[in-house]
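A.B. asks: The structure under discussion is supplied below as structure tokens; questions concerning it will follow.
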Amino acid sequence: MAAYQIPCTGCCDCLPCPAEVPIPEVFAVYNRFLAGEDEEAVRAYAGIENAAGACIRCSRCEKACPAGIGISAMMFEIREEMEDA
Ligand code: SF4
Ligand code: SF4
């Protein structure tokens, strides 16, 4: 795993998200993208309902994340990279 990948453990403490973003799934797919699995990751991302673009930046998830991930900022970045490309 590359050092810059999102340190999400998949614990799901951040769920449920009011916008129904499947946060750990979005991060897992984005980590695959960062690892160079571009085509597979783009395909998997397209299959996610309520992906990063659905985030309303409420920050609810961030208070619950034991890894201290800046989730809403990451969702913004992921949307830019995966949806607006
Ligand atoms: S900040 Fe975004 S991802 Fe986190 S709970 Fe709110 S809507 Fe969901
Ligand atoms: S709470 Fe944090 S570490 Fe756990 S699944 Fe959500 S984003 Fe990943």
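A.B. asks: For Q5 and F76 in one chain, what is 0.36 nm times their gap in residues minus the Cα-Cα distance, to one decimal in nm?
C.D. replies: Answer, rounded to one decimal: 24.0 nm.
A.B. asks: Shape of the chain from its Cα gyration tensor (a ≥ b ≥ c, root eigenvalues): rounded if a/c is under 1.5, otherwise prolate when a/b > b/c, or oblate?
C.D. replies: oblate
A.B. asks: Please give the length that would be gained between R43 and A28 if that part of the chain were fully extended, namely 0.36 nm times their separation in residues minus their C-alpha to C-alpha distance (nm, one decimal).
C.D. replies: 4.1 nm
A.B. asks: Using label points projected 7 Å from each Cα along Cα→Cβ, tell me how many nm separate E20 and E62, to one decimal.
C.D. replies: With each label placed 7 Å out from Cα toward Cβ, I get 2.5 nm.
A.B. asks: HN-Hα J couplings of region 62-68 from phi, Karplus 6.51/-1.76/1.60, θ = phi - 60°, integer Hz, Gly and Pro as x?
C.D. replies: 5, 5, 9, 7, x, 8, x
Any read-out appearing in this document is the output of simple, stated calculations on the displayed coordinates, not a laboratory observation. Bear in mind the structure is a predicted one, so any value in this text is a computation, not a measurement. Using ideal geometry, Cβ is built from the backbone for each residue, glycine included, and neighbour counts are taken over all protein chains shown.
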